[in-house]
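Below is one structure, written out as structure tokens; comments come after it.
Just so you know, all these numbers are worked out from the coordinates, no wet-lab data involved. Bear in mind that the values here come from a model prediction, so they are computed numbers and not experimental data. Reconstructed Cβ throughout: ideal geometry from the backbone, glycine too, with neighbour counts over all protein chains shown.
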Amino acid sequence: MSWYRRAKEGILTPAEGKLEAPDGLWMQCPSCKKPSHIRDLIEQRHVCPYCGYHHAIGSQEYFSILFDGEAYTELWPGLTSGDPLGFVDKRPYPQRIAQAQRTTELKDSVRCATGPIGAHPWVVACMDFAFIGGSLGSVAGEKISRAIDYAREHRSPLLVISKSGGARMQEGVLSLMQLAKTSAKLARLHQAGVPYFSLLTDPTTGGVSASYAMLGDFNIAEPGALIGFAGPRVIRETIGKDLPEGFQRAEFLETKGFVDFIVPRGELKDTLVLLAELLRPF
């Protein structure tokens, strides 16, 4: 896979296998259409220096931004999906999983890690949209559930970074059960007094937005993120009316109280450290 595609899609690259950004590689901002050198984008945490547009990134990039010195331990990296329903659409489900694993070098749509953020160890679960649209299946739900249990056991703040199109249809009701499973685990975390922070990125939709993404002690959004259950086109066609300008974007939802803060990516780490200190002791 080309370095350009890795940079654009935010796909996992082990630290020892990272390549230097080649000279002359530029990316055009989808918002302002201005080009930026890829090295500048990396230094700016993949945020356009001209208009502030937040380019899509994956778990590897978020871990690099958040963990001090990029020092972290990945948790349960080997979990992978089975084929509980024998599901076939255009092709068998195992073939779809295998292809996604080859093209993304990920095992599934969620990676979990623990490491220092500020003065304390944190647990971070991050979704990767590159893996079948960040869909929530049994493995993703299990890893998030384990991350919640790990945070409760070690009394470490928990951050879940959501980027998803919703439940994974190839796993049917087993996928939908992850909504209840993760929500129940978060209730136990809340009872234990351990803080949970939810970061909603573009897009956070479907069953993910209907479960753990909206259950944080603080629900934080990246600027411009699309957040909602059904997409705006589906809603517009269902109700037969035009939607308000900016409908389902982070800025619109903040005015309605659905998210607590909009935090630019460059300020995310400091904001999390400050909020965690406000909630101590935990």
Starting from the Cα gyration tensor of the range 141-266, take the square roots of the eigenvalues, sort them a ≥ b ≥ c, and report rounded, prolate or oblate (rounded when a/c is under 1.5, otherwise prolate if a/b is larger than b/c, else oblate).
-> oblate
Counting only DSSP beta bridges with both residues in the range 182-265, what percent are antiparallel, rounded to the nearest 5?
-> 10
Of the beta bridges DSSP finds with both residues in the range 135-282, what % are antiparallel, to the nearest 5?
-> 5
Cα centroid of the range 125-181 to Cα centroid of the range 241-271, whole Å | 22
In the chain the DSSP beta bridges are antiparallel at a rate, in percent to nearest 5, of 50
Looking only at E70, E153, E105, which one moves most when the chain is put into a Gaussian network model with springs between Cα atoms under 10 Å?
-> E153
Note on the range 26-142: alpha-carbon gyration tensor, axes a ≥ b ≥ c; rule is a/c under 1.5 for rounded, else prolate if a/b larger than b/c, else oblate; result oblate
Mean residue ellipticity at 222 nm from the helices of the chain, using -39,500 (n - 2.57) per DSSP H segment of n ≥ 4 over the full residue count, to the nearest 500 deg cm²/dmol?
-> -10500 deg cm²/dmol
Which net charge results when you count Lys and Arg as +1 and Asp and Glu as -1 among the other residues whose beta-carbon is under 14 Å from that of A151?
-> +3
Can you flag which of K143/K256; K90/K241; K34/K256; K90/K256; K143/K269; K163/K256 are past 29 Å Cα-Cα?
-> K143/K256; K90/K241; K34/K256; K90/K256
Give a quick list of trypsin sites (Lys or Arg not before Pro) in the range 74-150 that DSSP marks as loop, anything other than H, G, I, E or B, with at most 13 other Cβ atoms within 10 Å.
-> K90
For the chain, rounded, prolate or oblate, judged on the Cα gyration tensor with a ≥ b ≥ c (square roots of eigenvalues), a/c < 1.5 rounded, else prolate if a/b > b/c?
-> rounded
Hey, in the GNM for the chain with a 10 angstrom Cα cutoff, which one of P244, P92, P264 fluctuates hardest?
-> P244
